[in-house]
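Notes for the one structure printed next.
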Amino acid sequence: MKITIITPSFNQGQFLETTIQSVLNQQYSNLEYMIFDGGSNDESVEIIEKYRGKLAYWESKKDRGQSHAINKGFEKATGDIVTWLNSDDQLMPNVLQQVAQYFEENPEIAFLHGKTLLIKELKADFGQGIVKGAEDNDLAYKYLAGLPFPQPSAFFRKSMIEEFGLLNEGYHYGMDYDFFLRMSLNYNGLKVNDILSKYLLHQNSKTVSQSAVFAKDYALIFSKLLRSFPFATDLVQQMKDLGIYTSGDDVYKVGKKFTINDLQKAFCYNLYFQLIFFYDAGELSEVRKLTSFLKKYYPDFYKANAELPQIRLRAKFLTKKLLLFLRKVRES
């Protein structure tokens, strides 16, 4: 089974070589590895050229951003299984053989996802970090609500690109949520317990530096999701009341059956994901608004997620400056 891996990169020379080595050291015989550099002016090109003989394709040209770089890889991909691995992340050893076996044993699945090891140091050994993966609880609803699993540990069939198209370049932060949502609305995925990647947390990571913008993309995408169901008008109105609904004519293709109860649960998780992004960014007024809404209109969900009252309390009494200071003290 052929696997295509695409690495988008721009001025990530300090991380790029470790990423490349983590892929090439897999020793997977049927690998197609491509790197799309956005015209870096650091040492990236020199690093890539060291490995050019082992790459199926590489280029260094100005592009429209990360999604565009990945899409160029999608268009060239010839593997049965595809993923992208950002230039500051790594694959764990010997995972491609595991991934191929999972897809062979489960021909009905469109995608699979495992766990990742969150690290703060590039050379961190296994165990020196926090293991993160999707939780089993309400996973089917979370697929609709956001991206509940780490993208570097997710793989999908190339047929999904052929059926649903490329990444939406209009989403700079939620493009992976949108992409996997298209699959989840029509096909099944598989959660595995293997740690498949390392995810490097550093100052310039999107998830570290720009958390609040993720929330806005999540609201845009969920607005489109609700438009795809004619019976979801009440949920649309609730999003409008919150001031987070975006109108449009675009809808998703839906092949599986969903009920209003399914969408209500997904809506709660979408708001949960959004408020966590806002909380990470210190945007406490947004946190207060969303937690108060959940407490009032979805009390069972609010009570079932014990961290929500804690977050709401902190958002009520702390300032952004104090919250970020306390977080920095705790992390140090």
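Coordinate-derived values only; no laboratory data. Quick caveat, the model's predicted, so the values are computed rather than measured. Cβ coordinates were reconstructed from backbone atoms using ideal geometry, including for glycine residues, and neighbour counts include every protein chain displayed.
For the reader, a short list of remarks on this structure follows.
- For segment 3-208, the relative contact order works out to 25 percent when only alpha carbon pairs closer than 8 Å and six or more residues apart are counted.
- Normalised by the number of residues in segment 210-331, the mean separation of alpha-carbon contacts (under 8 Å, six or more apart) gives a relative contact order of 25 percent.
- Panel order for Trp58, Trp84, by other beta carbons found within 10 Å of each beta carbon, from fewest to most: Trp58, Trp84.
- For the chain, excluding the exposed loop sites themselves (trypsin sites (Lys or Arg not before Pro), DSSP loop, at most 16 other Cβ atoms within 10 Å), the longest remaining stretch covers 124-252.
- Using only side-chain charges placed at the Cβ, +1 for Lys and Arg and -1 for Asp and Glu, the dipole size of the chain relative to its Cα centre rounds to 1200 debye.
- Fewest neighbouring Cβ atoms within 10 Å first, the residues Val23, Val45 line up as Val45, Val23.
- Unit charges at the beta carbon, dipole of the chain: most positive-side option, Ile70, Asn41, Ser292: Ser292
- Farthest toward positive dipole pole in the chain [+1 Lys/Arg, -1 Asp/Glu at C-beta], among Phe156, Ser197, Thr233: Thr233
- Charge dipole (segment 210-331, unit charges on Cβ, about Cα centre) - positive-most of Gly255, Leu326, Gly243: Leu326
- By other beta-carbon atoms within 10 Å, ranking Tyr141, Tyr279, Tyr102 with the fewest at the front produces Tyr102, Tyr141, Tyr279.
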